[in-house]
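Visitor: So that we are looking at the same thing, I have put the structure below in structure tokens.
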Amino acid sequence: MIDFAAAADRQADQCLFDAIRAFVAVHDHRDVVRFRDALDHWGGTWRAVEPSLLPASDILAQAMAVNRPDTAAVVSLFVQHRATRKWQQSYTR
């Protein structure tokens, strides 16, 4: 039996990952280059996770109004998929 929800999640994740890779491929800032190197060694195993929305992701939609043209496509994808992805806070004060 095909799990269509998992297939759609995997497709959305791949779309976001591809957009990030395309974005970092054309930027030469040293921090972006370090991130690009990490993406080149990203694991190849995908696993489904339950969506978890953080209120801070609301900022993405606001960012669309002030973003630079070179970030519009990738930010737009994250806005589009923000309610269906798993968001985690990576640090605390």
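Visitor: Can you compute the equivalent ellipsoid semi-axes for the chain, i.e. the square root of 5 times each eigenvalue of the Cα gyration tensor, sorted largest first and rounded to whole Å?
Guide: So the three semi-axes of the chain are 23, 18, 14 Å.
Visitor: Follow-up question, since we're still on this one. With a length cut of 20 Å (Cα positions projected on each helix's long axis) and a Kyte-Doolittle mean of at least -0.5, go through the chain and give me the DSSP H helices that pass.
Guide: Helix filter hits for the chain: 4-25.
Visitor: Looking at region 1-88, which trypsin sites (Lys or Arg not before Pro) are DSSP coil and have at most 14 other C-beta atoms within 10 Å of their C-beta?
Guide: Arg47
Visitor: Give me the dipole magnitude in Debye, nearest 20, for region 4-84 about the Cα centre, with unit charges on the beta carbon: positive for Lys and Arg, negative for Asp and Glu.
Guide: Its charge dipole is roughly 40 debye.
Just so you know, all these numbers are worked out from the coordinates, no wet-lab data involved. This is a predicted model, so every value here is computed, not measured. Cβ: placed from backbone, ideal geometry, glycine included. Neighbour counts: every protein chain shown.
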